[in-house]
Amino acid sequence: MTAHRAGWQRHLVVLLLYGLLSLALTLPLAPHLATHVPGDGIDDPALAWNLWWIKASLVDHQLNPFPTSWMFYPLGINLAFYTLTVLNGLLSIPLQLALDLVPAANLVLLSSYVLGAYGAYLLSLQVLAAWTRTPGPSRPPALVQHSAAFLAGLVFAFSSSKLFYAALGQANIASSQWIPFAALYVLRSGRPGARLREPLLAGLFVVLQAYAELTYASFLVVFIVLYAAFWLFLRLARPAPTPRPLPPARLLAHLAVLAVVVAIGLAPIMANMLPDMRAEGDFLVEGGGFADLFSADLAGYWLPTQLHPLWGDAIAAAVANSPPQPGAAEWQVHKGQHITLGYVAVALAVLGLWAGRRRAGTWFFALAALVFFLLTLGPTVRWAGHDTGIPGPFQLLQVLPFFKGNRYPSRWAVMLLLSIAPLVALGAALLLSWVARWRPAARWPVLAVAALLAGALLLESLSIPLPLSDMRVPGIYDLVAADESGGAVLDLPLGWRNGFSVFGKQEPIIMASQWWQTTHQRPILGGNTSRNPEHKFRYFLEAPLIGALAILANADDAHPHVQEAMAPGLAALQAGDRTLGGDPVLQDAAAQGPAVLAALGIRALVVHRDHVPEELVQFVERYLPVRRLAEEGQHVLYAVDLPAVPAAVTVRPALDPLSRGEGWSGLGAGTDTGDSVAGPALWAHRRQT
């Protein structure tokens, strides 16, 4: 067997093992690939929706996928500010056509584990090749190098944090598979004899990562800057080593090529972002953006996560019973703040640092690990929920454009794992080399010890069973899809969500409503995004009928003052009083309801009775022009009888909130003309509204 053929077979075996592990470590997903996705029902419906929308926009309707009025209808939303996971959607299109949307979403997620592990494996092989560059009797055999690199792939791709993000349904944050490939070609761009191909591929992989999860592309920028600074410092601090290194000017030229490739690749996203940012200002972050809440807790690094099958319950109980901290702070571990590297991984990394201490590349990864570790800790360091007040470097990123859009410091753990993985490979290679010298003619001792190390690494990061969400769509939406009259769908309760807050009903049902759109394929009023101008929420609050329905849906759990204000109206609804208790909000909604439904072209209305108070159901059936069509469990489908559309419509922004898009002020008290008040004052904030 030739060395080339043996090399390919070894890589295929590695890929197969990673594939089997991806199925085993995400149980019980494998038996439910066609009906469920990992998650808690909050983020997973929207991220699965992404894959449908990429296919629907590009293939079915030939639309730009970023601006859309299919959500936040009729206002629309710019999905360039949303975690759209465009690349995942593109990769899923053949799978959607061959299988279905849910299995396509699962296969794309599983592939992120395989590709991420394989990328870290290739990166670690390069680091090991540099470590063993000098031939001789002490050089580790190929089996040792590949086994050590395989272990590094486990550390990066099957970490507790990545599995935790899958458990949260955050497939975008789990999509870190292109990071090690980008890092690999960044390192190759600085090697002696590096050609143009290396920075071109580095730039390509940064772009691929940006279209899978844009936040991680900004992380890679920090990695590249750190690498360039470290490399240039070494060239200036010591004489040129042997072999002759790449000249600094050549490295800078390679980085410039990389930057050009990234700029060209991200141009479509930027072209869709910049017009909104010019018009609305910088709305990427609000205040601190909850960075303090979503920082890694230093104590968490020493403990398994609460998803661990053996110790998770004990961890959750310890956190729940931890003493109160100053300022009512809590020890948060439920949203990926809890990062566990594992004692075995840390021990191997320390051993690897010692093994490669004579090579500059080893110290680069050690420096990168330190920098990214500090970034995970957020603005100030916390220990078991207690804010120590010690500032962290994350505060510097909070003032930089685009970088400040990341409000989750704990997500920097992906770069920490990337930096730790090659060190783990070096440590494992040293350990396996000792085993190989013990029985130089036998392969089984090396494989046995490597298997034991793999088991120990995976045991510390276990997060099974992963919670699953049932993605089967209620059958009533098939009836909506079959109705050829078109029109929009109004799901009640309504909700609009971004990365900071929720307006409307704060329940997972509003995310499920977005997912159900993949079946009925009609515009919906609600929706989910990551960042949006404030007006995208205010429009619906001010809209007649829509704002009232959003308030009424929360009548059973709203703020006490709201309940008190609505008490007469709610009592009137219960009693069947047509005056609605004199409640001006409900009276206005009842009076304008038919016209609003007609103006928005809403032809189907669905009430999810187990998520709304009975008073909302009564209001819909008594005051809106609807007919009950079907009922499935707690889901009730109504047809909307629209009145005839007038031949001419007079648009009066001051009097008609439905006609007010972006660019208008809120309503003032009125305009004093000297003789009388001439109605509410409305001001244009832009040249075009």
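The values are calculated or read from the model by the stated rules, or taken from the named source; none is laboratory data. Since this is a predicted model, take the numbers as computed values, not measurements. No Cβ is skipped: glycine too gets one built from the backbone with ideal geometry, and neighbour counts run over all protein chains shown. Ligands, DNA and RNA are excluded from the accessible area calculation, which covers all protein heavy atoms including side chains. Shrake-Rupley method; radii C 1.70, N 1.55, O 1.52, S 1.80 Å.
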**Asked** Which members of the range 364-415 meet the condition of being among the hydrophobic types (A, V, I, L, M, F, W, C) and within 18 Å of the chain's Cα centre (by Cα)?
**Response** Phe402, Phe403, Trp412, Ala413, Val414, Met415
**Prompt:** For the range 438-451, which residues satisfy the criterion of being more than 18 Å from Val14 (Cβ to Cβ) and either in a loop (DSSP other than H, G, I, E, B) or of a type in the set (A, V, I, L, M, F, W, C) (or both)?
**Reply:** Trp438, Arg439, Pro440, Ala441, Ala442, Trp444
**Prompt:** Got at least one residue in the range 394-413 being within 29 Å of Tyr185 (Cα to Cα), at pLDDT 90 or above and either aliphatic (A, V, I, L, M) or in contact with a strand residue (DSSP E or B) (Cβ under 7 Å, 6 or more places away or on another chain) (or both)?
**Reply:** yes
**Prompt:** Pairs, please: C-beta under 6 Å, at least 6 apart or cross-chain, first residue more than 10 Å from Phe205 (Cα to Cα) and among the polar types (S, T, N, Q) and in the range 167-194, second open to solvent by 20 Å² or more (accessible area, probe 1.4 Å) and modelled with pLDDT under 95?
**Reply:** Gln170/Asp43; Asn172/Thr83
**Request:** Kindly indicate the residue of the range 82-91 that is touching a Pro at 6+ places or on another chain (Cβ under 9 Å) and assigned to a helix (DSSP H, G or I) and also surrounded by the fewest Cβ atoms within 10 Å (Cβ to Cβ) among those meeting that condition.
**Result:** Val86
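This table checks each residue for (1) open to solvent by 50 Å² or more (accessible area, probe 1.4 Å); (2) on the phi > 0 side of the Ramachandran plot; (3) at pLDDT below 90.
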site	(1), (2), (3)
Val261	no, no, no
Leu284	no, no, yes
Phe290	yes, yes, yes
Asp297	no, no, yes
Leu303	yes, no, yes
**Complete:** Note: among Trp363, Trp412, just one is crowded, with 24+ Cβ neighbours inside 10 Å and among the aromatic types (Phe, Trp, Tyr), namely Trp412
**Asked** Is at least one residue of the range 369-376 at pLDDT 90 or above, of a type outside the set (Lys, Arg), touching a Gly at 6+ places or on another chain (Cβ under 8 Å) and open to solvent by 40 Å² or more (accessible area, probe 1.4 Å)?
**Response** yes
**Item:** Residue check for Leu107: out of contact with any strand residue (DSSP E or B) (no Cβ under 6 Å at 6 or more places or on another chain), open to solvent by 40 Å² or more (accessible area, probe 1.4 Å) and not in a helix (DSSP H, G or I)
**Value:** no
**Item:** Test for Ala360: is it at pLDDT below 95, over 15 Å from Leu430 (Cβ atoms) and more than 29 Å from the chain's Cα centre (by Cα)
**Value:** yes
**Prompt:** Mind checking which residues of the range 619-634 are open to solvent by less than 40 Å² (accessible area, probe 1.4 Å) and within 20 Å of Glu507 (Cβ to Cβ)?
**Reply:** Phe619, Val620
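So that you can scan it fast, the table gives a plain yes or no per residue for (1) among the polar types (S, T, N, Q); (2) part of a loop (DSSP other than H, G, I, E, B); (3) at pLDDT below 95:
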site: Leu75; (1), (2), (3): no, yes, yes
site: Ile93; (1), (2), (3): no, no, no
site: Arg133; (1), (2), (3): no, yes, yes
site: Gly136; (1), (2), (3): no, yes, yes
site: Val144; (1), (2), (3): no, no, yes
site: Ala149; (1), (2), (3): no, no, no
**Message:** Taking the conditions exactly as written (open to solvent by less than 10 Å² (accessible area, probe 1.4 Å), over 26 Å from Leu457 (Cα atoms) and touching a residue at least 60 places away in the same chain (Cβ under 8 Å)), does Gly427 satisfy them or not?
**Reply:** no
**Fill in**
Arg191 fails exactly one of (1) surrounded by 21 or more Cβ atoms within 10 Å (Cβ to Cβ); (2) outside any helix (DSSP H, G or I), namely (1)
**Yes/no for Ala441 being closer than 18 Å to Val155 by Cβ and surrounded by fewer than 23 Cβ atoms within 10 Å (Cβ to Cβ)** = no
**Complete:** Here the residues within the range 513-539 that are among the hydrophobic types (A, V, I, L, M, F, W, C) and at pLDDT below 90 are Phe537
**Message:** For the structure I just gave you, tell me whether Gln574 is assigned to a helix (DSSP H, G or I), modelled with pLDDT under 90 and over 25 Å from Asp656 (Cβ atoms).
**Reply:** yes
**Message:** Is it the case, given these coordinates, that Asp491 is of a type in the set (D, E, K, R) and either modelled with pLDDT of 95 or more or at positive phi (or both)?
**Reply:** yes
**Request:** Go over the candidates Gln506, Gln521, Gln517 one by one and state the one that is open to solvent by less than 10 Å² (accessible area, probe 1.4 Å) and of a type outside the set (A, V, I, L, M, F, W, C).
**Result:** Gln517
**Asked** Got a number for residues in the range 333-342 being modelled with pLDDT under 70 and open to solvent by 30 Å² or more (accessible area, probe 1.4 Å)?
**Response** 2
**Complete:** Result of the Cβ filter at 9 Å on the range 569-582, keeping first residues that are open to solvent by less than 50 Å² (accessible area, probe 1.4 Å) and partners that are at pLDDT below 70 and of a type in the set (S, T, N, Q), at least 6 apart or interchain, is Leu570/Gln563
